[in-house]
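The values are calculated or read from the model by the stated rules, or taken from the named source; none is laboratory data. The shown structure was predicted, so the numbers you read here are calculated from the model rather than taken from an experiment. Neighbour counts are summed over all protein chains in view; Cβ atoms, including those assigned to glycine, are modelled from backbone coordinates with ideal geometry. Keep in mind that these areas ignore ligands, DNA and RNA; they rest on the heavy atoms of the full protein, side chains included. Shrake-Rupley method; radii C 1.70, N 1.55, O 1.52, S 1.80 Å.
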Amino acid sequence: MAKRVNEIIIFVFVALFSKAIGAKPYWRTRWPIDRVSNECLTWQLAVEANNVRGWRIVPAHCLSHIEAYMTGGQYEQDVNYIVDQIESYVSELVVGEDGMDAWILDIDDTCLSNVIYYKKKKYGCEPYDPMAFKAWAMKGECPAIPGVLRLFSELVENGFKVFLITGRDEETLAPSTIANLHDQGFIGYERLFFRSPAYKGKSAVVYKSEIRKQIMEEGYRIWGNVGDQWTDLQGDCLGNRTFKLPNPMYCVP
């Protein structure tokens, strides 16, 4: 009995002493941690969860982290996992015979990847350059994001009407974007919406909300909405479900 009491006393003493000297919990010291990588992973998680809003550039010390994420296979794995979830949801839907079942897809870094361009911009560590991006987009060389192209094809084959909504300027980028989409296999969508002069000066949320409202007023049922920006998935007439793809390189306010 005395031995048991002594063990309890020692245990309590050690616990109090550890608290007094600020000892870290066992789960924080078991594995070695790269402080910079850990900070960047925390930042990325906060961005993807929309807890950091309106950010302009990726923190400079996170360049290597974002580069590794975007090009090392994890980004592709994350996108494919989300697409798997979308496909599971789609498999539960019953397409009506009236041809009014719809899906909404964004274009930049949803259908088409801009990773090649952003490599030259240090994966978002440099400020957004509208003229440089326009020059890139006009080349029409954006590769398809494989998982989303697969999803797009399945939606079209299953009878859904797919609407593409992009923030790209209609007057300057429409021809190259249409050709780029076609060359990459995005064939058979119902309609493609660009930011026309009527929407200049309006936020992405307002612009895309008004387009979705227009689609719904035509009688379409929006079953899903897919985008890489939170502003793709906010506002009015969002549809039955929204799906956010990862993008830690830039933020569209």
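May I ask you to list the residues in the stretch 200-253 that are of a type in the set (D, E, K, R), under 26 Å from Asp98 (Cβ atoms) and in contact with a Ser or Thr (Cβ under 6 Å, 6 or more places away or on another chain)? If the condition is that a residue be of a type in the set (D, E, K, R), under 26 Å from Asp98 (Cβ atoms) and in contact with a Ser or Thr (Cβ under 6 Å, 6 or more places away or on another chain), then Asp236 is the only one that fits.
Only one of Phe163, Phe186 is under 30 Å from Glu97 (Cα atoms) and either part of a strand (DSSP E or B) or modelled with pLDDT under 95 (or both). Can you tell me which? If you could, list the steps in order and put the result at the bottom.
Working: Phe186 fails: either part of a strand (DSSP E or B) or modelled with pLDDT under 95 (or both).
The match here is Phe163.
Of the residues making up the stretch 66-84, one or more are touching a helix residue (DSSP H, G or I) at 6+ places or on another chain (Cβ under 8 Å), of a type in the set (Ser, Thr, Tyr), open to solvent by 30 Å² or more (accessible area, probe 1.4 Å) and modelled with pLDDT of 95 or more. Evaluated against (1) of a type outside the set (D, E, K, R); (2) at pLDDT below 95; (3) over 22 Å from Asn114 (Cβ atoms); (4) not in a helix (DSSP H, G or I), Asn51 falls short on exactly one condition, (2). Exactly one residue out of Met138, Met131, Met100 is without any contact (Cβ under 8 Å) to a residue 12 or more places away in the chain and of a type in the set (A, V, I, L, M), and it is Met131.
Taking the criterion of being over 26 Å from Asn80 (Cα atoms) and either assigned to a loop (DSSP other than H, G, I, E, B) or touching a Leu at 6+ places or on another chain (Cβ under 6 Å) (or both), the residues of the stretch 194-234 that qualify are Ser196, Lys200, Gly201, Lys202, Ser203, Glu218, Gly219, Tyr220. Filtering the stretch 49-65 to residues that are open to solvent by 40 Å² or more (accessible area, probe 1.4 Å) and under 13 Å from Leu245 (Cα atoms) leaves only Ala49. Residue-level check: of (1) open to solvent by 60 Å² or more (accessible area, probe 1.4 Å); (2) part of a helix (DSSP H, G or I), Tyr89 misses just (1). Residues of the stretch 166-190 that are open to solvent by less than 40 Å² (accessible area, probe 1.4 Å) and of a type outside the set (D, E, K, R): Thr166, Leu173, Ala174, Ser176, Thr177, Asn180, Leu181, Gly185, Phe186.
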